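Asks: Below are the structure tokens for one structure; questions will follow.
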């Protein structure tokens, strides 16, 4: 399906975007990347358009002439910053998602992939696609989660009014991998811990007792799942992209420290909350309808991520972060 196709990837300079661009190149696609990052992050073999997806004219320009669109651009950050920088999570997501999907609709794009999130789910132990709307999202995720939910509703709205149902909706779980955000102040748990260990923190203090179970998925596996979703699941039906396997925080931390020559002592701060005991995705729909099975174990994925970070941590300086911008609505930064 992708051979010689014209494919736009928004956020193609990000953690998943870079992996997706590589897989699309292997499949023979002609790729356009739209981002506010430094173009060196994706190499010279793609068309690069730098601009802000919160501007209608830019969204119109980047979809022109494309066959398919993968909309990956978004705001990613830790739980704490999700509340303290609530507007920075909510407004860019809402604007980018709305404008990009409308631009794709007006341009008669053949197929469109919308990247939703595990955050859309209400608190429960196992996340099943059809149960996402049974309750509100967790309070710590609510700003980004409601913006992501609105994108899913927007896709349904086009289907209801116009019959445009060639939209794939994917809900990835907790993604990690090379090219992630490793800033301990804003990063998610795996990259934040990798950065702290590499920085010499000893003892390594981790909240809770390590018993909480989470679903982590490697970025390359997510990219593969996205390609399958656009090919086989572009029907406005949400699909989970996770490992389907629970990994304890303790096991995850042990995997990280085992990849360093200087292993710090791990100190569990049990005075702090461990979080919800179990949060795992049901991936049976992805397995049955897409033929999707993650190929990367948590051990292999963390090993690749640590190796990449130790060799490339200087690339963080070229990474765009909305949290560092005085005006996230600016046309360019």
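Asks: Of everything in the range 255-280, what is touching a residue at least 40 places away in the same chain (Cβ under 8 Å), farther than 21 Å from residue 307 by Cβ and either assigned to a loop (DSSP other than H, G, I, E, B) or in contact with a helix residue (DSSP H, G or I) (Cβ under 7 Å, 6 or more places away or on another chain) (or both)? Give them in sequence order.
Replies: Those that are touching a residue at least 40 places away in the same chain (Cβ under 8 Å), farther than 21 Å from residue 307 by Cβ and either assigned to a loop (DSSP other than H, G, I, E, B) or in contact with a helix residue (DSSP H, G or I) (Cβ under 7 Å, 6 or more places away or on another chain) (or both): 265, 270, 272, 273, 274, 275, 276, 277.
Asks: If you don't mind, another one. Let me confirm something: among 193, 230, which residue is modelled with pLDDT of 95 or more and within 30 Å of residue 1 (Cβ to Cβ)?
Replies: When all the criteria are applied, what remains is 230.
Asks: Tally the residues that are in contact with a strand residue (DSSP E or B) (Cβ under 7 Å, 6 or more places away or on another chain) and either under 11 Å from residue 73 (Cα atoms) or surrounded by fewer than 17 Cβ atoms within 10 Å (Cβ to Cβ) (or both), restricting the search to the range 7-24.
Replies: 8
Asks: Which residues, taken from the range 286-312, are surrounded by fewer than 16 Cβ atoms within 10 Å (Cβ to Cβ) and over 29 Å from residue 232 (Cα atoms)?
Replies: 299, 307, 310, 311, 312
Asks: Next up: Which count do you get for residues in the range 28-45 that are surrounded by 15 or more Cβ atoms within 10 Å (Cβ to Cβ), part of a loop (DSSP other than H, G, I, E, B) and modelled with pLDDT of 95 or more?
Replies: Of the residues in the range 28-45, 1 are surrounded by 15 or more Cβ atoms within 10 Å (Cβ to Cβ), part of a loop (DSSP other than H, G, I, E, B) and modelled with pLDDT of 95 or more.
Asks: Filter the range 321-330 for residues that are surrounded by fewer than 12 Cβ atoms within 10 Å (Cβ to Cβ) and outside any helix (DSSP H, G or I); which is modelled with the lowest pLDDT?
Replies: 326
Asks: With the checklist (1) in a helix (DSSP H, G or I); (2) more than 18 Å from residue 154 (Cα to Cα) in hand, flag the one item residue 100 doesn't pass.
Replies: The number of the failed condition is (2).
Asks: Here is a further query. Filter the range 47-61 down to the residues that are under 21 Å from the mean Cα position of the chain (by Cα) and without any contact (Cβ under 8 Å) to a residue 60 or more places away in the chain, then identify the one that is surrounded by the fewest Cβ atoms within 10 Å (Cβ to Cβ).
Replies: 49
Asks: Now for a separate question. State the number of residues belonging to the range 281-320 that are assigned to a loop (DSSP other than H, G, I, E, B), under 20 Å from the mean Cα position of the chain (by Cα), more than 26 Å from residue 122 (Cα to Cα) and at pLDDT 95 or above.
Replies: 3
Asks: Collect the residues in the range 114-129 that are assigned to a helix (DSSP H, G or I) and free of Cβ contacts under 8 Å to residues at least 60 places away in the same chain, keeping them in residue-number order.
Replies: Passing the criteria: 119, 120.
Asks: Can you find, within the range 73-97, the residue that is modelled with the highest pLDDT among those that are part of a loop (DSSP other than H, G, I, E, B) and under 15 Å from residue 185 (Cα atoms)?
Replies: 75
Asks: Any residue in the range 197-207 that is under 17 Å from residue 118 (Cβ atoms) and touching a residue at least 60 places away in the same chain (Cβ under 8 Å)?
Replies: no
Asks: May I pose another question? Residues to consider are 235, 181; find the one that is at negative phi, modelled with pLDDT of 95 or more and part of a loop (DSSP other than H, G, I, E, B).
Replies: Criteria check complete, one pass: 235.
Asks: OK, next. Looking at 85, 166, which one is touching a residue at least 24 places away in the same chain (Cβ under 8 Å) and either loosely packed, with under 15 Cβ neighbours inside 10 Å or within 21 Å of residue 9 (Cα to Cα) (or both)?
Replies: 166
Asks: Right, next: Looking at 155, 132, 145, 168, which is the one that is in contact with a strand residue (DSSP E or B) (Cβ under 6 Å, 6 or more places away or on another chain) and in a helix (DSSP H, G or I)?
Replies: After ruling out the rest, the residue left standing is 155.
Asks: How about the range 103-113: which of its residues are assigned to a helix (DSSP H, G or I) and buried (at least 16 other Cβ atoms within 10 Å of the Cβ)?
Replies: Hits for the range 103-113 are 103, 104, 105.
Asks: Could you tell me whether the range 49-72 includes any residue that is at pLDDT below 95, farther than 18 Å from residue 231 by Cα, touching a strand residue (DSSP E or B) at 6+ places or on another chain (Cβ under 8 Å) and part of a helix (DSSP H, G or I)?
Replies: The answer is no, given that none of the residues of the range 49-72 is at pLDDT below 95, farther than 18 Å from residue 231 by Cα, touching a strand residue (DSSP E or B) at 6+ places or on another chain (Cβ under 8 Å) and part of a helix (DSSP H, G or I).
Asks: Please go through the range 188-228 and pick out each residue that is crowded, with 22+ Cβ neighbours inside 10 Å, out of contact with any helix residue (DSSP H, G or I) (no Cβ under 7 Å at 6 or more places or on another chain) and not in a helix (DSSP H, G or I).
Replies: 215, 217
The values are calculated or read from the model by the stated rules, or taken from the named source; none is laboratory data. All figures in this text were calculated on a predicted structure; none of them were measured in a lab. Every residue, glycine among them, receives a Cβ derived from its backbone with ideal geometry; neighbour counts consider all protein chains shown.
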